[in-house]
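Values quoted throughout were computed directly from the atomic coordinates according to the rules given, and no laboratory measurement underlies them. Every value quoted in this text rests on a predicted model; they were computed, and no experiment measured them. Cβ atoms come from the backbone with ideal geometry, glycine included; neighbour counts cover every protein chain shown.
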Amino acid sequence: MAIASLDPGPGIAALQAWGGQVAAYGAANQTVVDKVPPDMLHMVDPHWYQFPPMNPLWHGLLGFTIGVLGFVSITGNGMVIYIFTSTKSLKTPSNLLVVNLAFSDFLMMCAMSPAMVINCYNETWVFGPLACELYACAGSLFGCASIWTMTMIAFDRYNVIVKGIAAKPMTNNGALTANSWHLAILARLDPGAILRLEQIRARRQYDRLRHRLLEQGLV
């Protein structure tokens, strides 16, 4: 006759470990939301009420890490912007995209890093609801600008590598037209706008292809 196992399973073990961690930090019957200012509570999803407060050590380590990364990023991207804009031989259309990427990353860390460090050492957000929304808006805007700029750089490199000398070289006007800021702002104001633009572009490509096939009598 088989004897039933008394092992409670990984779920119970994890719950017991979690309870022991909470008791070790003196945070029994508390949640991570308890340190949130009253005027910010309406912005917190109920999902977070099930988690205990973090060990204060992690706040300090995270604040220190973000501070170091912010300093390195601001300094490095600032140097890139200065060197590429002050050296005449580097003022090429392709390098405009590199400068734009460095500029968006520079603004990202200027907006994100100081506030993150301050809030890590306070163990909660201390700047109020409006600043929280502006913080999220800035992160989204600069992040989208960096992503779209990297997309443009990848397209430029693809054009050069695949097509070689037959490729149409990028011009200053072309680089400025490919500037990602208008796309980032559009995506921030209306997240569905980019999808609609892609749908319109795909439809136009389909219509051109269909018209070409009709002219050749293939359809």
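Of note:
- In nm, spacing of pseudo-spin labels at LEU69 and HIS211 (7 Å Cα→C-beta vector): 4.8 nm
- Packing-based exposure ordering (other Cβ within 10 Å, fewest first) of ASP39, ASP105, ASP45: ASP45, ASP39, ASP105
- Across all directions, the shadow cast by the convex hull of region 54-189 built on its C-alpha atoms averages 10.1 square nanometres.
- Protection proxy ranking for 130-136, 115-121, using the average of other Cβ atoms within 10 Å per residue and placing the highest first: 115-121, 130-136.
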